[in-house]
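Novice: After the structure tokens below, expect a handful of questions from me.
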Ligand code: NAP
């Protein structure tokens, strides 16, 4: 059984739930965090867990990644599992998103995942195996308005997963993604970055913002505990036959199979209906 697990963004939400569940199951967890990880470490102490090691890790900073990987190799001797979990969401129309916002969205969600994986792979390859689990989203398989940059980042995570599997499978390394539905984490409360133009009262998209944002924010802020994500990570680690992309949560279980069974237009019509989105003009017969 693999024993040493490295998790990014382990100080909050899904990452924290995963760190606690795996540590409680006997894994040694290196919890990558930008901050002190006080909440995680307090919870760990409360549960009597002494097998979580907090490590400073910012996925935007290659030096911090190298230092974290070197420390884990020195202290644990192997990195058997990497959970690429760190991520955040940008709320912005494509018209409004600035260069800085776009870059940061991809820097954390995509480039960070690649940087992490790049540093860990040589160790897994030399060890003759390993497991990499990328925390993706049902929004890696379908679009929603105002989230194009986030959507694109998660589609990229899906593409990386599919490609990397073929690249490193021959070395005994498994790569999976988790298509997460909406869960109650700090994703909106702390993580979400909102473009001020998109959310201004003068935005041409204001009706859409006023309608959709509360729906998604409520589904996350009042959403279910991320515990099922942690259980899915454990299940992937322990079962070699796990699916390539594992659906977890209501939205993933609802929309991902639908996407597979409907053609693109029929699926889009279902999304418009489900989320109460304004249809395209031509569809209303007003187009030129
Ligand atoms: P969260 O509670 O906000 O946790 C996100 C974590 O990512 C935080 O620990 C955060 O660290 C970390 N992070 C952000 N930027 C980072 C960076 N540059 N370097 C290192 N860590 C960084 O949200 P969550 O919902 O658990 O998100 C975890 C993953 O699930 C993300 O990839 C997200 O896209 C995905 N996801 C979430 C949902 C949902 O409904 N919640 C749905 C689908 C997918 P700090 O605490 O230091 O900011």
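The values are calculated or read from the model by the stated rules, or taken from the named source; none is laboratory data. Note that this is a predicted model, so its numbers are computed, not measured. Neighbour counts run over all protein chains shown; Cβ positions are idealised from the backbone, glycine included.
Novice: Kindly establish whether residue 229 is more than 22 Å from the chain's Cα centre (by Cα) and either more than 16 Å from the ligand (Cβ to nearest atom) or within 30 Å of residue 24 (Cα to Cα) (or both). Even if it seems obvious, please write down each step before you answer.
Specialist: Working: more than 22 Å from the chain's Cα centre (by Cα): no; either more than 16 Å from the ligand (Cβ to nearest atom) or within 30 Å of residue 24 (Cα to Cα) (or both): yes.
So residue 229 fails the test.
Novice: Here is a further query. Would you mind telling me which numbered condition in (1) surrounded by fewer than 22 Cβ atoms within 10 Å (Cβ to Cβ); (2) over 23 Å from residue 105 (Cα atoms) residue 72 fails?
Specialist: If we test residue 72 against (1) surrounded by fewer than 22 Cβ atoms within 10 Å (Cβ to Cβ); (2) over 23 Å from residue 105 (Cα atoms), just (1) comes out false.
Novice: If I filter segment 173-183 down to residues being under 21 Å from residue 81 (Cβ atoms) and within 6 Å of the ligand (Cβ to nearest atom), which single residue comes out as surrounded by the most Cβ atoms within 10 Å (Cβ to Cβ)? Walk me through it before giving the result.
Specialist: Step one: of segment 173-183, the residues under 21 Å from residue 81 (Cβ atoms) are 173-180, 183.
The next check asks that each one be within 6 Å of the ligand (Cβ to nearest atom); those that pass are 180, 183.
Values: 180: 27, 183: 22.
Applying the filter and picking the extreme gives 180.
Novice: While we're on this one: Is it the case that residue 10 is touching a strand residue (DSSP E or B) at 6+ places or on another chain (Cβ under 6 Å) and surrounded by fewer than 23 Cβ atoms within 10 Å (Cβ to Cβ)?
Specialist: Numbers: touching a strand residue (DSSP E or B) at 6+ places or on another chain (Cβ under 6 Å): yes; surrounded by fewer than 23 Cβ atoms within 10 Å (Cβ to Cβ): no.
Against the criterion (touching a strand residue (DSSP E or B) at 6+ places or on another chain (Cβ under 6 Å) and surrounded by fewer than 23 Cβ atoms within 10 Å (Cβ to Cβ)), residue 10 does not qualify.
Novice: Further question: Identify, from the list 217, 148, the residue that is within 16 Å of the ligand (Cβ to nearest atom) and either at pLDDT below 95 or touching a helix residue (DSSP H, G or I) at 6+ places or on another chain (Cβ under 6 Å) (or both).
Specialist: Numbers: 148 fails: either at pLDDT below 95 or touching a helix residue (DSSP H, G or I) at 6+ places or on another chain (Cβ under 6 Å) (or both).
Of the residues listed, the single one that is within 16 Å of the ligand (Cβ to nearest atom) and either at pLDDT below 95 or touching a helix residue (DSSP H, G or I) at 6+ places or on another chain (Cβ under 6 Å) (or both) is 217.
Novice: Please list, ordered by residue number, the helices (runs of 4 or more DSSP H) wholly in segment 1-117 having 1 or more residues that are under 28 Å from residue 129 (Cα atoms) and more than 12 Å from the ligand (Cβ to nearest atom). Break it down into steps so the answer makes sense when it comes.
Specialist: Working: elements: 13-24, 38-46, 62-76, 99-106.
It comes to 13-24, 62-76.
Novice: Here's something else I'd like to know. Look at segment 184-201 and say how many of its residues are surrounded by 21 or more Cβ atoms within 10 Å (Cβ to Cβ) and within 19 Å of residue 113 (Cβ to Cβ).
Specialist: Counting residues in segment 184-201 that are surrounded by 21 or more Cβ atoms within 10 Å (Cβ to Cβ) and within 19 Å of residue 113 (Cβ to Cβ) gives 2.
Novice: Do we have residue 169 as at pLDDT 95 or above, loosely packed, with under 14 Cβ neighbours inside 10 Å and in contact with a strand residue (DSSP E or B) (Cβ under 9 Å, 6 or more places away or on another chain) here?
Specialist: Details: at pLDDT 95 or above: yes; loosely packed, with under 14 Cβ neighbours inside 10 Å: yes; in contact with a strand residue (DSSP E or B) (Cβ under 9 Å, 6 or more places away or on another chain): yes.
Here the answer is yes, as residue 169 does meet what is asked.
Novice: Quick check: is even one residue across segment 30-42 under 21 Å from residue 238 (Cβ atoms) and surrounded by fewer than 16 Cβ atoms within 10 Å (Cβ to Cβ)?
Specialist: Applying the first criterion (under 21 Å from residue 238 (Cβ atoms)) to segment 30-42 yields 30-31.
After this cut, where a residue has to be surrounded by fewer than 16 Cβ atoms within 10 Å (Cβ to Cβ) as well, the list is none.
Checked against the condition, which is being under 21 Å from residue 238 (Cβ atoms) and surrounded by fewer than 16 Cβ atoms within 10 Å (Cβ to Cβ), segment 30-42 yields no hits at all.
Novice: Here is a follow-up. With respect to the numbered conditions (1) touching a residue at least 24 places away in the same chain (Cβ under 8 Å); (2) within 13 Å of the ligand (Cβ to nearest atom); (3) closer than 26 Å to residue 230 by Cβ, which one is the sole condition not fulfilled by residue 132?
Specialist: (2)
Novice: State yes or no: is residue 134 in contact with a strand residue (DSSP E or B) (Cβ under 8 Å, 6 or more places away or on another chain) and modelled with pLDDT of 95 or more?
Specialist: Against the criterion (in contact with a strand residue (DSSP E or B) (Cβ under 8 Å, 6 or more places away or on another chain) and modelled with pLDDT of 95 or more), residue 134 qualifies.
Novice: Please give the number of the condition residue 207 fails out of (1) surrounded by 15 or more Cβ atoms within 10 Å (Cβ to Cβ); (2) within 26 Å of residue 101 (Cα to Cα).
Specialist: The one condition residue 207 does not meet is (1).
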